[in-house]
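A quick write-up on the structure given underneath.
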Amino acid sequence: MNGCDELVQLLLDAGADVNANYSENLPLPQATHTALFEATLCENIGTVRLLLARGAKTEARNAKGNSALNIAVRLGYTEIVEMLLAVKDIDINAKNIEGETPLMTASRHGLEDMVRLLLEKNADVWAKNHSGATARELNLKTGRVQYPGLLKTSISEILEKEMQVRLHERRHY
């Protein structure tokens, strides 16, 4: 444990609410900001582990509608993403205010390892954002614009293959 983990442990042992929300000044009334968000943003793996063990709620959202999972995916924090995905009842397809799922975020930003991890956990490859785009379409459309020197076809191919596999499975049930 580092000093931050020890302090969080001390506060929780003293009765602090693991899901305390300090978002009074956020623009969306449903927005929350919790210790889990802060620990995720800082990539404090020990504190995230501790908070989850103490029952931190993963469905809390920030002002942009992002959950801790959305944030960890966008920042490429694989170990935190794996911890969050291990939580029972986590919504792997949670959408932010733009309708973007963690898979869409990973795809749009060229995070191939995140795309693979989310697909292994059955993220919805057909989910569409508010503009009607899927993760694959976002990768093809924005990936090349934002990262012109980076080859994006591998993510698009991964998503296309997964779509075909899942479509085949649907037809056989």
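The values are calculated or read from the model by the stated rules, or taken from the named source; none is laboratory data. Note that the structure is a prediction, hence the values are computed from the model and not measured. No Cβ is skipped: glycine too gets one built from the backbone with ideal geometry, and neighbour counts run over all protein chains shown.
Quick notes on this one:
- Of all residues in the range 137-158, those being closer than 15 Å to G99 by Cβ and either modelled with pLDDT of 90 or more or under 18 Å from the mean Cα position of the chain (by Cα) (or both) number 1.
- Only residues that are in a loop (DSSP other than H, G, I, E, B), outside the structural domain of A135 (by TED's automatic domain parsing) and hydroxyl-bearing (S, T, Y) were counted in the range 67-116, giving 2.
- Any pair with Cβ under 6 angstrom, 6 or more apart, that starts in the range 36-48 at a residue that is closer than 12 Å to L7 by Cβ and ends at one that is of a type in the set (D, E): G46/D5; T47/D5
- Every residue from the range 1-52 that is in a loop (DSSP other than H, G, I, E, B) and modelled with pLDDT of 85 or more: A14, C42, E43, N44
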